[in-house]
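What follows is a single structure, written as structure tokens, with notes after it.
The values are calculated or read from the model by the stated rules, or taken from the named source; none is laboratory data. Treat the numbers as computed from the prediction; the structure is a model and nothing was measured. Positions of Cβ are backbone-derived with ideal geometry, glycine not excepted, and every protein chain shown enters the neighbour counts. For the accessible areas, the whole protein counts, side chains as well, though only heavy atoms, and no ligand, DNA or RNA atoms are used. Shrake-Rupley method; radii C 1.70, N 1.55, O 1.52, S 1.80 Å.
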Amino acid sequence: MERAVDIDTIRTMARHMRLDIVDMISKAGSGHPGGSLSSADIVAALYFGVMNHDPQRPQWPERDRFVLSKGHAAPLLYSALANAGYFDRDHLNTLRQLGSILQGHPDSKKVPGVEVSTGSLGQGLSIANGIALGLRAAGSASTVYCLMGDGELQEGQVWEAAMSAAHYKIDNLVAIVDHNGLQIDGACADVMDVGDIEAKFEAFGWVVTGVDGHDIPALVDALARAKSVRSAPAIVVCRTVKGKGVSFMENDADWHGKAPDEEQTACAVTELSCEL
Amino acid sequence: MPKRATREAFGATLIELADEGLDVVAVEADLSKSTTTATFAARYPDHFFNVGIAEQNMVGTAAGLAVAGKVAFTGSFAVFATGRAYDQVRNTVCYSELNVKLAPTHSGITVGPDGGSHQMIEDLALMRVLPGMRVLVPADYRAAQAALRIAATTPGPFYVRLGRAALQDVYDGSASFELGRAYTVREGSDVTLFACGVMVGEALLAADLLAEEGVSAEVVDIMTLKPLDVATVVSSACKTGAVVACEEHSIIGGLGSAIAEVLGEQHPTPFARVGVRDVFGTSGDPAALMEYFGLTARHVAAAARGVIARA
Ligand SMILES: Cc1ncc(C[n+]2csc(CCOP(=O)(O)OP(=O)(O)O)c2C)c(N)n1
Ligand SMILES: [Mg+2]
């Protein structure tokens, strides 16, 4: 069953999620704002439009699956899950604290809605392949979505998985790359050039779509087209801005993994709120 | 003296070694700021290679650089440098006995809020079991400088365990260190606290607590976990007759296991382990986690009382 996708809802949720990300990381005193903010529109599109899921039934067999391969964007996933209703929003105030269900990187043993624990980069696509093969064998109509970083593509395992997905013609899988051009040590192109991501996946036998990862209608459209691809794996390469929405974090590798102080948090909240 | 993390010694010592003319190179995997190899990269850009987020490639490249005659250090975090690249470490570095020095940072639970996925508490077990691998666990900044120097100037594979947490100095400027030697940092007669890494400081604090109760604790820093200083371990155990092994690592496979293996064969002694009790780490403030996992001085002191009661 295809549901109508409401672009305004996705846009509004993405803004709320950006506010949550800044607030959570600020309270925690550590975390990864840059890559959480760059993926916010993508994850909002998935959880509040594209994906078929039921927060009241996290284990519903017919749900679509999401694998956050870039596990350091945990605050984004937690905000999406809390806003969707998987758990109480109060948990968001406990990010990274001793005893919290919201670990620095997603722990599937602790958080309803997290399919599998991640945090060690480069492993998500293999896991998504496995889930998709399992679902296909069971005759399921569900789709598996897997979100990776562009720096993450430097892990060899990603390309082992890319080869497998084409070999097994895994078409109930949609891979997504957050192509923000930055990793920890700087620009991906300077640290270890990943080259032409779209051409590489094409060469591996994938159906590739490039899209502006902050243009929500285009994003929704690209994800829908990727889902409808048959007999080959599909990937959506999203051009994004790391730190998107907070001017002083945008396009700055230094905001990959540090928390804003009080003053910076206030600035960020003001910027993000005026968009609401 | 301000507290310093052992990781801070990494980049700084590489620069010193290169300044002294040693043909040292570093291979990093997108964590040069965290590991401090960035400082070495800035000073010796031609001796530094960043392979991106690719730890297997990092270790393999270091292996090749060693084959080409370099003293090759690797960076990254302990969890990825040992876990992700284990087969490269085993089948290439150790099996060929190459001049590769793994010196990853962010070992143990004192990584803190990143959580269990990033808190490596199995690395000593993984590295210790490899034939030919020497394993060093420095207790403070000076010991870390020395450990890196020993690794650089002794041929063959090394593992130097570095950490993120800022630590009080254990040693003053007069200390000197040798491969394969344990250091008695406090003499005592009732119980021996064998410790490595961040636990040396905790063991010293525990010895203070025990002294208040009239218990005389000896504290021995096992800076070289492998090859273990068997003579010092056995003689201290003979002297005190009660032993506690303290490590910021799983109680399985690390320092506790190494001590138990030696004493079990040579001088069975009442023995207790302080370490992470076969569970993964979790998010939290490093100090709170030390308490949560039972690694602080008061837990060491309690373990000491327990073994003394059995002695
Ligand atoms: C296997 C592994 N190596 C290293 C890290 C440390 N790390 C966390 S995030 C990151 C950079 C990620 O860059 P990218 O994939 O581009 O993510 P984004 O820009 O979307 O945040 C690194 C190296 C890790 N989590 N896992
Ligand atoms: Mg990136």
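Please report the relative contact order for region B:4-167, taking Cα pairs under 8 Å with a sequence separation of at least 6, and give it as a percent rounded to a whole number.
Computed value for region B:4-167: 28 percent relative contact order.
Computed over the alpha-carbon atoms, region B:101-144 gives an Rg to Rh ratio of 0.99, Rh here being the Kirkwood radius from the mean inverse distance.
Per residue, how large is the accessible surface of chain B? Use a 1.4 angstrom probe and give square angstrom.
Heavy-atom SASA per residue in chain B reads 35 Å².
Considering only B:Leu228, B:Ala63, B:Val160, the residue lying farthest towards the positive end of the dipole of chain B is B:Ala63, judged by Cα position with unit charges set on Cβ. Ranking B:Tyr86, B:Tyr95 from most to least accessible surface, computed with a 1.4 Å probe over the protein chains only, gives B:Tyr95, B:Tyr86.
Here region A:7-274 is treated with +1 on each Lys and Arg Cβ and -1 on each Asp and Glu Cβ, and its dipole about the Cα centre works out to around 940 debye.
Each label point was placed 7 Å from the Cα along the Cα-to-Cβ direction; for B:Leu22 and A:Met163 their separation is 3.8 nm. The distance linking region A:1-32 with region B:158-196 is 48 Å (Cα centroid to Cα centroid, whole angstrom). Can you tell me how region B:1-108 classifies by the Cα gyration tensor, rounded, prolate or oblate, using a/c under 1.5 as the rounded cut? Because a/c hits 1.5 or more and a/b fails to exceed b/c, region B:1-108 counts as oblate. The length gained on full extension between B:Arg43 and B:Asp208, counted as 0.36 nm times the residue separation minus their Cα-Cα distance, comes to 55.1 nm.
Considering helices alone, the calculated mean residue ellipticity of chain B at 222 nm is -11000 deg cm²/dmol, with DSSP H runs of length four and up weighted by -39500 (n - 2.57) and normalised per residue.
Among the GluC sites (Glu not before Pro) in region B:108-206, those placed in a DSSP loop whose Cβ has at most 15 other Cβ atoms within 10 Å are B:Glu178, B:Glu187.
For B:Lys101, list the lysines whose Cα falls under 16 Å from its own Cα; do not include residues on the same chain fewer than 8 positions away. Correct list for B:Lys101: B:Lys70, B:Lys226. Residues in region B:250-262 carry Karplus couplings, in order, of 4, 5, 9, x, x, 4, x, 5, 4, 5, 4, 4, 5 Hz; the curve used is 6.51 cos²θ - 1.76 cosθ + 1.60 with θ = phi - 60°, and Gly or Pro positions show x. Helix B:198-212 axis versus longest C-alpha principal axis of chain B: approximately 20°, rounded to the nearest ten.
Can you pull the percent of Cα pairs in chain A with separation above 33 Å? Tail of the P(r) past 33 Å holds 14 percent of the pairs. Which one, A:Ala268, B:Ile259, A:Gln157, is farthest towards the positive end of the dipole of the protein assembly as shown when Lys and Arg carry +1 and Asp and Glu -1 on their Cβ? Final value for the positive-end residue is B:Ile259.
Listed by chain and number, the aspartates and glutamates whose alpha-carbon sits under 20 Å from that of A:Lys109, ignoring those within fewer than 8 places in the same chain, are A:Asp54, A:Asp64, A:Asp88, A:Asp90, B:Asp114, B:Asp278.
Summary value for chain A: 23 percent relative contact order, contacts being C-alpha pairs under 8 angstrom separated by 6+ residues.
To the nearest 20 Debye, how big is the dipole of the protein assembly as shown about its Cα centre, given +1 on the beta carbon of each Lys and Arg and -1 on that of each Asp and Glu?
On the way: 47 positive and 70 negative charges, 248 e Å.
It works out to roughly 1180 debye.
For region A:7-274, which whole percent of the accessible surface, found with a 1.4 angstrom probe, sits on carbon and sulfur atoms?
Working: 4800 of 9620 Å².
Heavy-atom surface of region A:7-274 belonging to carbon and sulfur, 1.4 Å probe: 50 percent.
Against the main long axis of the alpha-carbon atoms of chain A, helix A:124-137 sits at an angle near 50°. Rounded to the nearest 20, the Cβ-based charge dipole of region B:25-126 about its Cα centre (Lys and Arg +1, Asp and Glu -1) stands at 220 debye.
Of A:Ala137, A:Leu173, A:Ser38, which is farthest on the positive side of the dipole of region A:7-274, counting Cα position, with +1 on Lys and Arg Cβ, -1 on Asp and Glu Cβ, and the Cα centre as origin? Towards the positive end, the residue furthest out is A:Ala137.
Taken residue by residue and averaged, Cβ atoms of other chains lying within 10 Å of the Cβ of B:52-62 number 5.
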